[in-house]
Amino acid sequence: MTENLFPQADPFDSGFLRVADGNEIYWEASGNPAGKPALYLHGGPGSALRSGSYRRHFDPQKYRIVGIDQRGCGRSRPLVTDALGELHRNTTQSLLADIEALRTHLGIDAWLVSGVSWGTTLALAYAQAHPDRISELVLVAVTTISREEVDWITDGVGRFFPEAWQRLEHASGRRDGERIVDAYARRLATMDVADRRRAARAWNDWESTHISLDPNWEPIGQRFDERQSLVFATLVTHYWSNDGFLHDGKEIRRRLGTIGHIPAVLIHGRRDISGPAATAWHLHRHWPASRLVIVEAEGHGGPLSMAQMRAALDAFAPGE
């Protein structure tokens with residue numbers, strides 16, 4: 001299966017929704033205003049919607065496609081880097097409240113929810129908090145941000161890239177007994193702008209490295225400018241250091257029974273070294289209404305995985 005995209009559907013509506021703690025969340029809607037509601041959750045945390053290419057995986061004749069820039073990134077305001085004193089208020093629970101506020105604002109009763117990478121963790125947490133608001137789930141590059149997953153991506157993967165991991169560790173400035181991710185989260189939350197920039201560059205170099213075995217690899221630096229890179233590093237380390245604000249990081253796995261009846265497609269690359277397929281496999285084994293698709297030739301997302309995403313969305317689309 002190869003990627004076959006729909007034409008880019010420009011938003012027919014967009015705006016800023018004022019939510020808690022002085023935040024304004026950017027949202028946009030495209031496709032068919034009378035179509036089946038579908039929410040897309042971007043990765044990161046902190047990657048944002050960017051070009052809006054996510055829309056091309058949804059049939060614009062059948063879906064009312066909604067996207068948001070999550071709190072603190074993209075076009076939402078304030079950016080996390082402009083409000084570091086409020087960083088402690090940027091949590092998974094606050095993002096779930098933002099999503100619910102938007103659903104209510106748009107008058108949507110229930111919607112299909114899709115996401116990629118961190119977006120899958122957020123989608124799963126949202127579904128477990130509000131199962132009656134979900135019609136289906138389509139998840140690509142599945143993660144749950146458990147402590148085990150975070151320790152693997154920040155330490156265990158270093159077995160494949162020992163030189164790069166040594167640079168990451170050396171540049172971390174970690175204190176005795178401090179995890180690498182905690183050291184970077186601490187530094188990126190300080191008011192020392194120069195040190196924050198150094199920490200962001202070192203962190204994003206590691207992010208580029210641990211995904212580099214993917215045949216579709218491109219450096220993180222090609223995705224973001226310096227300001228976006230700082231936002232990304234700040235939010236990623238903040239969430240990872242806190243186990244995704246999901247208690248011990250295993251909350252999603254423990255609560256699978258709350259969503260076991262919801263139809264879902266879990267799509268994951270076999271060559272995803274930094275986020276092994278074991279997470280998607282475990283969820284599928286304990287999720288009766290799910291289907292697991294392993295993409296043999298890809299890592300953390302990519303055109304073949306996104307083609308599978310489109311196929312799943314087409315299957316869940318309303319008939320003629």
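The values are calculated or read from the model by the stated rules, or taken from the named source; none is laboratory data. Because the structure is a prediction, the values reported are computed rather than measured. Note: ideal-geometry Cβ built from the backbone for every residue, glycine included; neighbour counts use all protein chains shown.
When residues in region 111-147 are screened for being at pLDDT 95 or above and more than 15 Å from the chain's Cα centre (by Cα), 11 of them pass. Specify which of the listed residues (Arg187, Arg197, Arg174) is of a type in the set (D, E, K, R), touching a helix residue (DSSP H, G or I) at 6+ places or on another chain (Cβ under 7 Å) and part of a loop (DSSP other than H, G, I, E, B). That would be Arg174, the only listed residue that is of a type in the set (D, E, K, R), touching a helix residue (DSSP H, G or I) at 6+ places or on another chain (Cβ under 7 Å) and part of a loop (DSSP other than H, G, I, E, B). Set side by side, the residues Leu17, Leu5 differ, and just one is surrounded by fewer than 24 Cβ atoms within 10 Å (Cβ to Cβ) and assigned to a loop (DSSP other than H, G, I, E, B), which is Leu5. For region 234-250, filtering for residues that are in a helix (DSSP H, G or I), out of contact with any Pro (no Cβ under 8 Å at 6 or more places or on another chain) and either surrounded by fewer than 19 Cβ atoms within 10 Å (Cβ to Cβ) or in contact (Cβ under 8 Å) with a residue 60 or more places away in the chain (or both) leaves 6. Would you pick out the residues in region 83-102 that are touching a residue at least 40 places away in the same chain (Cβ under 8 Å) and assigned to a helix (DSSP H, G or I)? Residues satisfying the conditions are Leu84, Glu86, Leu87, Arg89, Thr92, Gln93, Ser94, Ala97, Asp98, Ile99, Ala101, Leu102.
Which residue is surrounded by the most Cβ atoms within 10 Å (Cβ to Cβ), if the candidates are limited to region 141-169 and must be over 14 Å from Gly244 (Cα atoms) and of a type in the set (Lys, Arg)? Taking the candidates together, the pick is Arg167.
Do any residues in region 14-27 that are modelled with pLDDT of 95 or more have Cβ atoms under 7 Å from those of residues that are among the hydroxyl-bearing types (Ser, Thr, Tyr), where the two are at least six apart or on different chains, and which pairs are they? Going by the 7 Å Cβ cut-off, the qualifying pairs are Phe16/Tyr26; Asn23/Ser76; Glu24/Ser76; Ile25/Ser76; Tyr26/Ser76; Trp27/Ser14. Among the residues of region 103-120, the ones that are touching a helix residue (DSSP H, G or I) at 6+ places or on another chain (Cβ under 8 Å), crowded, with 22+ Cβ neighbours inside 10 Å and assigned to a helix (DSSP H, G or I) come to 1 in all.
Considering (1) at pLDDT 95 or above; (2) in a loop (DSSP other than H, G, I, E, B), the lone condition that Gly44 does not fulfil carries the number (1).
Within region 135-150, identify whether any single residue is assigned to a helix (DSSP H, G or I), among the hydrophobic types (A, V, I, L, M, F, W, C), out of contact with any helix residue (DSSP H, G or I) (no Cβ under 7 Å at 6 or more places or on another chain) and touching a residue at least 12 places away in the same chain (Cβ under 8 Å), and answer yes or no. No - not one qualifying residue is present in region 135-150.
Contact map, region 264-292: residues that are loosely packed, with under 14 Cβ neighbours inside 10 Å paired with residues that are assigned to a strand (DSSP E or B) and among the small types (Gly, Ala, Ser), Cβ distance under 7 Å, separation 6+ or inter-chain. Pairs shown: Ala289/Ala264.
Taken as a whole, the structure leaves Arg227 outside the set of residues that are over 21 Å from Leu124 (Cα atoms), in a helix (DSSP H, G or I) and modelled with pLDDT of 95 or more.
Among the residues making up region 284-320, a single one is among the aromatic types (Phe, Trp, Tyr) and either within 25 Å of Arg55 (Cβ to Cβ) or part of a helix (DSSP H, G or I) (or both): Phe316. Please go through region 33-74 and give me each residue that is among the hydroxyl-bearing types (Ser, Thr, Tyr) and buried (at least 21 other Cβ atoms within 10 Å of the Cβ), ordered by number. The answer is Tyr40, Ser47, Tyr54, Tyr63.
Residues in region 75-91 that are in contact with a Phe, Trp or Tyr (Cβ under 6 Å, 6 or more places away or on another chain) and surrounded by fewer than 23 Cβ atoms within 10 Å (Cβ to Cβ): Arg75, Thr91. Would you mind stating whether Gln61 is under 18 Å from the mean Cα position of the chain (by Cα), modelled with pLDDT of 95 or more and not charged (D, E, K, R)? Spelling it out, it is not the case that Gln61 is under 18 Å from the mean Cα position of the chain (by Cα), modelled with pLDDT of 95 or more and not charged (D, E, K, R).
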